[in-house]
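*Asks:* Right, I'll just put the structure down here and ask away after.
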Amino acid sequence: IILRAPNFVPVAIEGALYPFSRAEPTNGHADFLHVHAGLQICPLWFRENGLALHACLGADAGAVIVVGGDLAIAENERLIGQAHAVVRGHWDVIGPLTIRAGVHLLVPFRHEPFLATVGGVSTTVYTPEPIAGMLDIGLGIHTD
């Protein structure tokens, strides 16, 4: 959702759910769910003739949760935070129907690995990347 108050830059409210991600170290697997929501300000924006472009900066908060697998993970839930930069475009196709695309850069504030104990030995199951990217494409409704 992008909100634009008179005489102020647009503000974006965004959320994401990644329902399934599997990590498979040598001795088994673990399935993760990632969810986050955040707020961004969009100091660089333009809208004209049904086209829009927003460049936004903000932060997200959320969680990574172990939802399955055959490994005993030491920490099954972890709160996360991340810096979030995005450039997104919108194209109004017909009436209020809009096609959108965005390129995101995510920088997590925590990088500790998820660990499991297998045969009395601690093993790394998954370590968050220091920088992650994401591409999104979708449909939406635009109202003035």
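The values are calculated or read from the model by the stated rules, or taken from the named source; none is laboratory data. From a predicted model like this one, the values you see are computed outputs, not experimental measurements. Cβ placement follows ideal geometry from the backbone for every residue including glycine, while neighbour counts extend to all protein chains displayed. Each accessible area value is taken on the protein alone, full model and side chains, heavy atoms only, with ligands, DNA and RNA left out. Shrake-Rupley method; radii C 1.70, N 1.55, O 1.52, S 1.80 Å.
*Asks:* In the chain, what percent of the accessible surface is made up of carbon and sulfur (1.4 Å probe, ligands and nucleic acids excluded)?
*Replies:* Carbon and sulfur: 65 percent of the exposed surface of the chain.
*Asks:* Gap in Å between the Cα centre of the stretch 61-81 and the Cα centre of the stretch 25-56?
*Replies:* 21
*Asks:* Another question, if that's okay. At Val67 and Leu33, where each label point lies 7 Å from the Cα along Cα→Cβ, what is the point-to-point distance in nanometres?
*Replies:* Going from the Val67 label point to the Leu33 one covers 0.5 nm.
*Asks:* I would also like to ask the following. Might you work out the accessible area of Phe8 for me, using a 1.4 Å probe with all protein chains in place, and round it to the nearest 10 Å²?
*Replies:* Here the residue's solvent-accessible area equals roughly 120 Å².
*Asks:* With a cut-off of 8 Å between alpha carbons and a minimum separation of six or more residues, what is the relative contact order of the chain in percent?
*Replies:* For the chain, the relative contact order is 18 percent.
*Asks:* If you count only protein heavy atoms with a 1.4 Å probe, what accessible area per residue comes out for the stretch 1-72, rounded to a whole Å²?
*Replies:* 60
*Asks:* Ranked by accessible surface with a 1.4 Å probe, highest first, in what order do Ile137, Ile65 come?
*Replies:* Numbers: Ile137 130, Ile65 45 Å².
Sorted descending by solvent-accessible area, the residues read Ile137, Ile65.
*Asks:* Could you list the chymotrypsin sites (Phe, Trp or Tyr not before Pro) in the stretch 84-134 that lie in coil according to DSSP, counting only those with at most 14 other Cβ atoms within 10 Å of their Cβ? Walk me through the numbers on the way to the answer.
*Replies:* On the way: sites: Trp91, Phe109, Phe114, Tyr126; in loops: Phe109.
Passing sites in the stretch 84-134 are Phe109.
*Asks:* How large is the translational diffusion coefficient of the chain in µm² per second when you combine the Kirkwood radius over alpha carbon pairs with Stokes-Einstein at 10 °C and 1.306 mPa s?
*Replies:* This corresponds to a translational diffusion coefficient of 93 µm²/s.
*Asks:* Based on the Cα gyration tensor of the stretch 1-71, what are the three equivalent ellipsoid semi-axes, each the root of five times an eigenvalue, rounded to whole Å and given largest first?
*Replies:* Taking √(5λ) for each Cα gyration eigenvalue gives 38, 12, 9 Å.
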